[in-house]
Amino acid sequence: MSGLDFRSLTRGDTLPDFPLSMSAAEVRAYVQATGERCELWETHVPPLALGARALAALMDHVELLAGTVHTRQEFDFRRAVTIDEPLTVRITVASHAERRGALIAAFQCEIVNAAGEPVGGGRATVMVPPEEAAS
Amino acid sequence: MSGGDVNAAAAAPPVAPVMREIDQPRVDAYAAAAPDQNPFHRETPEAAASQFGRPIAHGMLVLALVSEAMTAAHGLRWAATGTLKVRWRAPALPPLTVTARAEPRKVVDGVATYDVSCEDEAGVVLLNGTASVALGDA
């Protein structure tokens, strides 16, 4: 997917909403990769799996620069999500600034269910070091 | 201590540490499952040319151990009411053994807050921050 130019982002920019759901097979692959063994994930989705999917969508939509580092992450989980539950992810540019030559951006994510009720969200902060930001 | 505070060690369920080896096959599996195919996480020319000279594990893979520890202690309450706020402090260079810990800090108005961290086998802090979860029914 073609991405938005990271340098051209401004605070308040909103990425297109995108659908998200995780199948049993996708959840199994995720927990096998992380190494977690928990019966809860036979019926529900690990909250960080949703976070990982939201970050993947972010990377699909925004063309991050070489050397971009994920520096901070916040999550708030408001309701347990079941396997195959249809969700929608909304991502907004919460901040985008240059500090001492480095580009720092924060992306706010909201995940809602089919009724529009929030099930979780988060905020990812990424930084492009000065040498990469200048290239 | 405010009126809503209670002794954290007495009121917050203990969270057992989670220890796990993170090697390149695990990182590759996570890259496929997350999905996050950033070349800096795989054995690619980009990873070799990076400042680390080799692949680094996904920060979210390391953070998943904190979530696993919180789930083991709190069950679905973690998925329904949990919060996480962390900062990555150092890269995780596979193979390494990561230990995730959550130490009770306080309980206020039925919400337990923990100091969380992940360290490698040498004690290097890979990430730290806080997690919270509502106590009682989700």
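Couple of notes before you dig in:
- Inter-part distance, region B:37-75 to region A:16-72, computed on C-alpha centroids, equals 12 Å.
- By definition, a body whose alpha carbon gyration tensor gives a ≥ b ≥ c is rounded when a/c is under 1.5, and the protein assembly as shown falls into this rounded group.
- With eigenvalues of the C-alpha gyration tensor scaled by 5 and rooted, chain B, Å: 33, 14, 12
- Sites matching GluC sites (Glu not before Pro) across region A:5-46 that sit in DSSP coil, with at most 13 neighbouring C-beta atoms within 10 Å: none
- Cβ neighbours within 10 Å from other chains - mean over B:83-95: 3
- Zone of residue A:76's modelled label, taken as backbone nitrogen in region A:116-135 under 18 Å from a point 7 Å along Cα→Cβ: A:116-125
- Angle in degrees between helix B:24-33 and the longest Cα principal axis of chain B, rounded to the nearest 10: 70
- Between B:73, B:33, B:92, the GNM of chain B built on Cα springs shorter than 10 angstrom shows B:33 fluctuating the most.
- A crude spin-label estimate for the pair residue A:114 and residue A:17, with each label 7 Å from Cα along the Cβ direction, gives 1.5 nm.
- Inverting the pair-averaged 1/r between distinct Cα atoms of chain A gives 15.7 Å as its Kirkwood hydrodynamic radius.
- Placing a label point 7 Å from the Cα of residue A:4 along the Cα-to-Cβ direction, the residues of region A:23-62 whose backbone N falls under 20 Å of that point are A:51-62.
- Distance between the pseudo-spin-label points of residue B:128 and residue B:46 (7 Å out from Cα toward the beta carbon): 3.1 nm.
- With the helix formula -39500 (n - 2.57) applied to DSSP H stretches of n ≥ 4, chain B reaches a computed 222 nm mean residue ellipticity of -8000 deg cm²/dmol.
Since every read-out is calculated from the coordinates, none of them should be taken as a lab result. The structure presented is a predicted model; accordingly, all values stated were derived computationally and were not measured. With ideal geometry, Cβ positions are generated from the backbone for all residues, glycine too; neighbour counts draw on all protein chains shown.
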